[in-house]
Amino acid sequence: MSLQRTPLYPIHLKYHGKMIDFGGWELPVEYEGSGIIAEHHHVRRQAGLFDVSHMGEVDVRGAKAAAFVQNLVVNDISPLAEGQICYSPMCYPDGGCVDDLLVYKYAPDHFFIVVNAANADKDFAWMQEQSFPGATLANLSSSYAELALQGPEAEAVLQRLCDADLSAIKYYWFNPQVQIAGIDCIVSRTGYTGEDGFEIFIAPDRACEVWEAIMAAGGGQVLPIGLGARDSLRFEAKLPLYGHEIDRDITPLEARLDRFVKLSKPSFIGKEALVRQSAAGPQRLLAEFAMIGRGIPRPHYEIQKDGQVIGWVTSGGYAPTLDKNIGLALIRHEFATAGEQFDVIIRNKPVRAQAGAGIFYKRLKK
């Protein structure tokens with residue numbers, strides 16, 4: 001079966017992207033002349049431009065649109081103002097995660113939901129199963145290309161091309177009527193790198209123009225960034241990835257996403273299971289750790305304590321900004337406390353690690 005391509009495929013070839021199969025999409029893992037580590041550092045220090053057009057978008061409209069979304073997600077969307085965004089897991093009745101997503105509020109009867117690329121079709125099917133009269137759903141994934149401009153110089157670069165004041169867009173807010181180089185776009189102050197930046201939704205046939213305009217405006221301040229650095233940036237900032245920190249069999253409470261789970265809401269899908277788990281206390285929890293011994297922790301490596309398996313690494317690797325080997329692990333709750341030591345099994349050998357807090361990257365706010 002042939003791979004899907006985003007509207008920016010010609011751009012990736014022009015910039016000599018090293019193309020790989022990413023969940024059925026042909027996308028660049030890195031670009032020639034830079035590489036993953038250099039791209040990672042460039043985003044932290046200046047700005048990087050990503051093609052995230054493979055993400056999914058769902059439009060929800062109608063008199064019951066708010067009620068539908070409120071029932072669908074575990075976070076509380078009722079405080080959202082028009083133009084505001086919230087992050088939320090979306091759960092099955094047993095509390096496992098269907099996905100995590102962003103909810104954009106246009107109006108009380110209009111919401112825009114952005115879901116993960118690999119889950120887009122599954123998520124839309126799940127949403128349709130939960131739908132009820134008064135809420136109409138439309139899968140608009142093929143109607144948008146999406147770019148992400150991330151890094152401390154992102155606002156300054158993008159402002160050179162915009163007709164709107166980007167400083168007026170607060171974190172987790174959006175402006176649905178922005179022109180970038182004269183082209184209509186939706187611009188949100190969101191991202192998946194741990195840095196300040198923007199995500200830009202654009203008609204597919206204008207995506208290459210917007211990309212090239214941003215690259216020209218940025219000059220050496222902006223580099224194209226591939227999937228490799230996208231993953232290392234999100235991991236280093238401790239941002240969850242579906243299939244790793246959350247999954248069909250991992251609840252948001254186990255993933256320590258409690259602040260996004262509003263058990264006080266009257267009802268939502270998965271509430272009963274999550275209320276029970278909250279009351280009893282999760283038997284396993286996500287823990288952040290740093291390696292003491294020499295070795296790089298990789299996803300799915302076993303975690304042992306005194307020779308007994310207590311969990312596994314969900315995400316791990318070398319953190320370029322921090323210059324150390326760190327990881328996240330889903331382990332038995334009694335060992336998921338700061339200072340606890342355990343072993344990561346690397347090439348069949350135990351290598352010592354220590355759980356902690358504040359291990360991961362957190363940018364300094366201006």
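The values are calculated or read from the model by the stated rules, or taken from the named source; none is laboratory data. It should be emphasised that the depicted structure is a prediction, and the values quoted were computed from it without experimental measurement. Using ideal geometry, Cβ is built from the backbone for each residue, glycine included, and neighbour counts are taken over all protein chains shown.
Within segment 99-121, being assigned to a strand (DSSP E or B), in contact (Cβ under 8 Å) with a residue 40 or more places away in the chain and either assigned by TED's automatic domain parsing to the domain that holds Val187 or in contact with a strand residue (DSSP E or B) (Cβ under 6 Å, 6 or more places away or on another chain) (or both) holds for Asp99, Asp100, Leu102, Tyr104, His110, Phe111, Phe112, Ile113, Val114, Val115.
For segment 198-214, filtering for residues that are of a type outside the set (Gly, Ala, Ser), in contact with a helix residue (DSSP H, G or I) (Cβ under 9 Å, 6 or more places away or on another chain) and surrounded by fewer than 19 Cβ atoms within 10 Å (Cβ to Cβ) leaves 3.
Rundown of residues vs (1) within 22 Å of Ala207 (Cβ to Cβ); (2) surrounded by 21 or more Cβ atoms within 10 Å (Cβ to Cβ); (3) in contact with a His (Cβ under 6 Å, 6 or more places away or on another chain); (4) of a type outside the set (Asp, Glu), yes/no style:
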residue: Ser88; (1), (2), (3), (4): no, yes, no, yes
residue: Pro93; (1), (2), (3), (4): no, no, no, yes
residue: Gly96; (1), (2), (3), (4): no, no, no, yes
residue: Asp99; (1), (2), (3), (4): no, yes, no, no
residue: Phe111; (1), (2), (3), (4): no, yes, no, yes
residue: Ala145; (1), (2), (3), (4): yes, yes, no, yes
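Take the residues of segment 119-143 that are touching a Lys or Arg at 6+ places or on another chain (Cβ under 6 Å) and surrounded by fewer than 18 Cβ atoms within 10 Å (Cβ to Cβ): which is nearest to Ile183 (Cα to Cα)?
Filtering segment 119-143 for residues that are touching a Lys or Arg at 6+ places or on another chain (Cβ under 6 Å) and surrounded by fewer than 18 Cβ atoms within 10 Å (Cβ to Cβ), the one nearest to Ile183 (Cα to Cα) comes out as Thr136.
The strands (runs of 3 or more DSSP E) located wholly in segment 132-240 that include 3 or more residues which are farther than 22 Å from Val114 by Cα occupy 222-224.
Restricting to segment 348-365, what's the tally of residues that are touching a residue at least 24 places away in the same chain (Cβ under 8 Å), farther than 23 Å from Arg256 by Cα and in a loop (DSSP other than H, G, I, E, B)? Summing the residues that are touching a residue at least 24 places away in the same chain (Cβ under 8 Å), farther than 23 Å from Arg256 by Cα and in a loop (DSSP other than H, G, I, E, B) in segment 348-365 gives 0. When every residue of segment 69-78 is checked against the conditions, at least one turns out to be in a loop (DSSP other than H, G, I, E, B), among the charged types (D, E, K, R) and either within 23 Å of Gly151 (Cα to Cα) or touching a residue at least 12 places away in the same chain (Cβ under 8 Å) (or both).
In this structure, does Leu3 turn out to be among the hydrophobic types (A, V, I, L, M, F, W, C), surrounded by fewer than 21 Cβ atoms within 10 Å (Cβ to Cβ) and in contact with an Asp or Glu (Cβ under 7 Å, 6 or more places away or on another chain)? Full working, then the answer.
Details: among the hydrophobic types (A, V, I, L, M, F, W, C): yes; surrounded by fewer than 21 Cβ atoms within 10 Å (Cβ to Cβ): yes; in contact with an Asp or Glu (Cβ under 7 Å, 6 or more places away or on another chain): yes.
Yes; evaluated as a whole, the condition is true for this residue.
Going by what's in this entry, would Gly228 be described as buried (at least 23 other Cβ atoms within 10 Å of the Cβ), under 30 Å from Gly96 (Cα atoms) and either among the charged types (D, E, K, R) or touching an Asp or Glu at 6+ places or on another chain (Cβ under 9 Å) (or both)?
Numbers: buried (at least 23 other Cβ atoms within 10 Å of the Cβ): no; under 30 Å from Gly96 (Cα atoms): yes; either among the charged types (D, E, K, R) or touching an Asp or Glu at 6+ places or on another chain (Cβ under 9 Å) (or both): yes.
In short, no.
Of everything in segment 10-31 that's out of contact with any strand residue (DSSP E or B) (no Cβ under 7 Å at 6 or more places or on another chain) and not β-branched (Val, Ile, Thr), which residue is surrounded by the most Cβ atoms within 10 Å (Cβ to Cβ)? Selected residue: Phe22.
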